[in-house]
Amino acid sequence: MSLLDYSLIVVYLLALLLLGFHRRLKSDSSAGELIVGGRMLTLPAFVASLVSTWYGGILGVGEYSFKYGLSNWLVFGLPYYLAAFGFAIFLAKKARESEVLTIPDRLARVYDKKTALAGSVVIYLMTVPAAYILMMGVLCQYLFGWPIWGGILAGTVFSVIYVYTGGFNSVIRTDLFQFGLMFLGFLMLLIFLVVDYGGLSFLKQNVPAGHFTWHGGNSGWYIAVWYFIAMATYIEPAFYQRCYAAKSGRIARKGIFISILCWATFDFMTTACGIYARAILPTLENPVGSYPALAMKVLPVGLLGLFALALLATVMSTIDSYSFLAASTFSRDIWMRLVKTAENKITYITRIGLLVTTVLAVVLALFFESVVDIWHMFGSVGTPALLIPVFTSFVGTRRLPPRYAFGSILSAGAVARVWYLSQYFTADGAYWLNLEPIFPGLAVSVATFLLFSRRYAQ
């Protein structure tokens, strides 16, 4: 990278800080101002924020596309579009009309405080942005030549510093900026690739034939697992937070439909670029870095810096959102349910939560080596624990009584977690019965609902 490329990155970081620090939170801000920005989210802001937040796993997408090709769309695309569509149909308007601030607020209203607290712990662990911080470390390693721990620390600080002072509104302002950079960077790279190397015929000649199959060489069972993991969308705090913050239920539903179109467009570009990376850099040692490595080979001075901004924007927009979600879960949904605290202290407690979350995320990022592994672990455990209690709190006439909802969260999560750990105690490193942990967890949750749910009047 040249001085011009680095200069563009410096300008980007300064612009990000300027937007993030534009309006600071007051120390006595209300929970509604802090967590959902006063419920004033417009349609453009809703779409830009949701799209950029939910697509933070850009290097994981590059890793999968490089290894398995077109299958990326069937693993990290289609199941999530379907789940998001279902969320828009069944949950978006109801979430907005519920007038709560968080998912645990809803659990407390429908079930009880214990269930809300158990759900809060699961949500907190699912929103700690370890996967995205790991991506930031890998990205900085490629762009600046830093050791991965240096990239993790520096990237994390720049991603959360303005959240500390501005809360949800700072996240929204920066997401609008980063949304544009994401699409501009990948569109530019794809155009260069097609012009310089050719289109589909070039790819078919230079990548394994399996890259153009629906499975990419993986088993159908493995791909099916991701369709179940995608059901985590129905308990996705970023979706609920944007719906709670929208001006109306209509904006929330319409915003998700538009977001699906944006994700599908972006997926087309990222999958294509991942396949090009395999064709042009077949001996690349670490597929997690396929996008930055490809850009460094293909793009000229200046445009390389612009593409680096696209990668940084995609990852950082997710780190700030999930860091804030985890911090607000720590403050309002865990700390303030356990310790009697004045409402005007929520900003102070949330800032403590942000620091705790940042440290935990950095530790986890240094422990794991694969972004996809982090998604797989937390999705396999969190989804069965919360899916049915949360979904049925909004939809349908049957619900679990509070004590069974609480028991369902604990037991389904515990079974999935133990099943996940079983790989470390078998000779071949496989799960018990060769069964993915999400399935026994979901089986416990479904069985509990079928046995103990009752009909409630709407």
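For (1) of a type in the set (A, V, I, L, M); (2) within 22 Å of Y240 (Cα to Cα); (3) in contact with a Cys (Cβ under 8 Å, 6 or more places away or on another chain), each residue gets a yes or a no:
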{"residue": "F21", "(1), (2), (3)": "no, no, no"}
{"residue": "I35", "(1), (2), (3)": "yes, yes, no"}
{"residue": "L41", "(1), (2), (3)": "yes, yes, no"}
{"residue": "W54", "(1), (2), (3)": "no, yes, no"}
{"residue": "V75", "(1), (2), (3)": "yes, no, no"}
{"residue": "Y80", "(1), (2), (3)": "no, yes, no"}
{"residue": "A92", "(1), (2), (3)": "yes, yes, yes"}
{"residue": "R96", "(1), (2), (3)": "no, yes, yes"}
{"residue": "V100", "(1), (2), (3)": "yes, yes, no"}
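Restricting attention to segment 9-34, the residues that are over 23 Å from A238 (Cβ atoms), surrounded by fewer than 14 Cβ atoms within 10 Å (Cβ to Cβ) and either β-branched (V, I, T) or modelled with pLDDT under 90 (or both) add up to 5.
Tallying residues that are in contact with a Ser or Thr (Cβ under 8 Å, 6 or more places away or on another chain) and more than 29 Å from G302 (Cβ to Cβ) within segment 1-45 yields 10.
Any residue in segment 266-281 that is in a loop (DSSP other than H, G, I, E, B), of a type in the set (D, E) and surrounded by fewer than 24 Cβ atoms within 10 Å (Cβ to Cβ)? Scanning segment 266-281 turns up no residue that is in a loop (DSSP other than H, G, I, E, B), of a type in the set (D, E) and surrounded by fewer than 24 Cβ atoms within 10 Å (Cβ to Cβ).
Against the list (1) closer than 26 Å to F324 by Cβ; (2) within 16 Å of the chain's Cα centre (by Cα), the condition V75 fails is (1).
Against the condition more than 17 Å from G119 (Cα to Cα) and not polar (S, T, N, Q), how does G429 come out, does it pass? Criteria met by G429. Among what's in segment 204-249 and is farther than 26 Å from G56 by Cα and in a helix (DSSP H, G or I), pick the residue that is nearest to the chain's Cα centre (by Cα). Of everything passing the filter in segment 204-249, G210 is nearest to the chain's Cα centre (by Cα). Answer yes or no as to whether Y162 is of a type outside the set (V, I, T) and closer than 22 Å to R351 by Cα. It is true that Y162 is of a type outside the set (V, I, T) and closer than 22 Å to R351 by Cα.
Could you tell me which numbered condition L200 fails, if it satisfies all but one of (1) surrounded by fewer than 16 Cβ atoms within 10 Å (Cβ to Cβ); (2) touching a residue at least 40 places away in the same chain (Cβ under 8 Å); (3) more than 23 Å from F85 (Cα to Cα); (4) aliphatic (A, V, I, L, M)? Against the list (1) surrounded by fewer than 16 Cβ atoms within 10 Å (Cβ to Cβ); (2) touching a residue at least 40 places away in the same chain (Cβ under 8 Å); (3) more than 23 Å from F85 (Cα to Cα); (4) aliphatic (A, V, I, L, M), L200 comes up short only on (2).
Does at least one position in segment 424-437 carry a residue that is more than 19 Å from A224 (Cα to Cα), assigned to a helix (DSSP H, G or I) and modelled with pLDDT under 95?
yes
When you look at A131, is it surrounded by 22 or more Cβ atoms within 10 Å (Cβ to Cβ) and either within 25 Å of L360 (Cα to Cα) or out of contact with any Asp or Glu (no Cβ under 8 Å at 6 or more places or on another chain) (or both), yes or no? Judged against the criteria, A131 is a match.
Do the conditions hold for L70, that is, is it surrounded by fewer than 19 Cβ atoms within 10 Å (Cβ to Cβ), more than 20 Å from the chain's Cα centre (by Cα) and in contact (Cβ under 8 Å) with a residue 24 or more places away in the chain?
On the way: surrounded by fewer than 19 Cβ atoms within 10 Å (Cβ to Cβ): no; more than 20 Å from the chain's Cα centre (by Cα): yes; in contact (Cβ under 8 Å) with a residue 24 or more places away in the chain: yes.
No.
For every residue, the table says whether it meets (1) acidic (D, E); (2) touching a residue at least 24 places away in the same chain (Cβ under 8 Å); (3) within 28 Å of R242 (Cβ to Cβ).
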| position | (1), (2), (3) |
| --- | --- |
| V128 | no, yes, yes |
| G137 | no, yes, yes |
| V194 | no, no, no |
| G210 | no, yes, no |
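Checked against the criteria, Y12 does not count as part of a loop (DSSP other than H, G, I, E, B) and closer than 22 Å to M136 by Cβ.
The values are calculated or read from the model by the stated rules, or taken from the named source; none is laboratory data. Values in this document were obtained by computation on a predicted structure and should not be read as measured data. As a convention, Cβ positions derive from the backbone with ideal geometry for all residues, glycine included, and neighbour counts pool all protein chains shown.
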